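The values are calculated or read from the model by the stated rules, or taken from the named source; none is laboratory data. Values in this document were obtained by computation on a predicted structure and should not be read as measured data. Positions of Cβ are generated from backbone atoms using ideal geometry, with glycine treated the same way; all protein chains shown enter the neighbour counts.
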Amino acid sequence: MTPQPIHNQIPPEIAAITRPKDELMKWYFCKALATTFAFPITILLLYFRFHTMRYKFDTEGIHMGWGIIVRHEVMLNYSRIQDIHLHSNVFERWLGLARIEIQTAAGSSGSEMTLEGLPDPEGMRNFLYSRMRGAHDKHATPATDPLAGVLTEIASELRAIRQAVEQRGSQG
Amino acid sequence: MFDWLRSVILSITMVPPEPHPPEGSAASVRIFRAGRNYYRLRILGWAFGSLWSAIVLGAAGMALEMAASRRFPPWGQSLWHTIAAIGLILFLASVVWAFVQQQLNYELRWYIVTDRSLRVRHGIISTHELTTTFANIQEIRVSAGPLQKLLGLADLEIQSAGGGGGGGPHSSSSAHVARFSGLDNANEIRDYVVNCLRQYRDSGLGEADHSPSPEASSALAAAHTVLEEARGLRAALGKS
């Protein structure tokens, strides 16, 4: 198996994230309280959202899923991220939480993905930023361009075939 | 007094410290702040808002006081006076809080630009930090209303691709807009951002109009070598 380039590897602490923090459920409880009469329904919905929420961060992008009756699975490629918003209100900060809202070029009014209950929201924001288009120095040339490398190898093979043909021609 | 109040509010609300600049060359990091007149403008808004609320509430209070003195029984009048006193205290507290909020809102506002990206942070009770790269920018807009012009202020809006938001594509509420509010050097910042954008001529969506990148050039050179070798091979096969 070909080893992946270093810039494609996911930091282990980020790859290990699969579930939101437990504090998120406390925040959901506060949110549900704010709905007053609708509290029983809201807390039930948020409870299932919390317990079914799953994250996966791989080399391509973010996978997020939640829901039982209506299951949502969202995959967002890192290179398609347009803006990253880091939001937190005072209650969330008391609980050590923050939301990361990710925008792509899609035309929806809300964010395309909201990451909640992450252990280190600022670190995650910095990681996502590092994977965004344009976050790296545009003028820094990569050590090896894969396409150029393959083409150079093809050229070497063709050269070897030509030399073999020429050698055979001179012998014959 | 204000320093003490500020430190108490910041510690209670746990507002994060000054934001870190996004990745970019250290020499290119520039941190902009809202102009001093932006603070004055906000204070002016606070003063008018508070005055208007005081007039409305005062008129309503006087009308109720007149009605209470004529029609309410003695216990009803005492109840009304207690409610009026609590209301007055709450109103004064909200006026003071709104004043402190104007000051903090002005102070806790950062616009950070590097050679690759920008970060905008504002807010106290609810903080909001937006980060985007120049490679995603679609449009830059400077706007100023009559009052802002009078005070030498302008807003700079930097928009990335994508729709949404209640007020249309140019709405400040759109999630795709980085808004630098209350600048007294908006044109200077716009020129700086435009200068940074020149190295990202393929920024935003759409077809790039520039010469091939170094990676593409190296691939092109390798492809030419392959072509020459293929021609040489054909010539060698033709001879043999």
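Observations on the structure shown:
- Residues that are of a type outside the set (A, V, I, L, M, F, W, C), out of contact with any strand residue (DSSP E or B) (no Cβ under 7 Å at 6 or more places or on another chain) and modelled with pLDDT of 90 or more are absent from the stretch A:99-112.
- The residues of the stretch B:1-30 that are within 17 Å of B:H128 (Cβ to Cβ) and either out of contact with any Lys or Arg (no Cβ under 9 Å at 6 or more places or on another chain) or acidic (D, E) (or both), listed by number, are B:L10, B:P17, B:E18.
- Single condition B:Y39 does not satisfy, out of (1) within 14 Å of chain A (Cβ to nearest Cβ); (2) touching a residue at least 40 places away in the same chain (Cβ under 8 Å); (3) surrounded by 14 or more Cβ atoms within 10 Å (Cβ to Cβ): (1)
- Which numbered condition B:I9 misses (of (1) in contact (Cβ under 8 Å) with a residue 60 or more places away in the chain; (2) loosely packed, with under 14 Cβ neighbours inside 10 Å; (3) in a helix (DSSP H, G or I)): (2)
- Restricted to the stretch B:30-145, the set of strands (runs of 3 or more DSSP E) holding at least 2 residues that are closer than 30 Å to A:R80 by Cβ and among the basic types (K, R) comprises B:117-122.
- Residue count for the stretch B:117-151, restricted to those that are more than 14 Å from every other protein chain (Cβ to nearest Cβ), touching a residue at least 60 places away in the same chain (Cβ under 8 Å) and basic (K, R): 0
Every residue, every condition in (1) of a type in the set (G, A, S); (2) more than 25 Å from B:T13 (Cα to Cα); (3) buried (at least 21 other Cβ atoms within 10 Å of the Cβ); (4) touching a Phe, Trp or Tyr at 6+ places or on another chain (Cβ under 7 Å), yes or no:
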{"position": "B:I125", "(1), (2), (3), (4)": "no, no, no, no"}
{"position": "B:E129", "(1), (2), (3), (4)": "no, no, yes, no"}
{"position": "B:A135", "(1), (2), (3), (4)": "yes, yes, yes, yes"}
{"position": "B:R141", "(1), (2), (3), (4)": "no, yes, no, no"}
{"position": "B:L156", "(1), (2), (3), (4)": "no, yes, yes, yes"}
{"position": "B:Q159", "(1), (2), (3), (4)": "no, yes, yes, no"}
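- Here the condition is being more than 10 Å from every other protein chain (Cβ to nearest Cβ), among the basic types (K, R), more than 18 Å from B:N136 (Cα to Cα) and out of contact with any Ser or Thr (no Cβ under 7 Å at 6 or more places or on another chain); of A:R54, A:R71, it holds for A:R71 alone.
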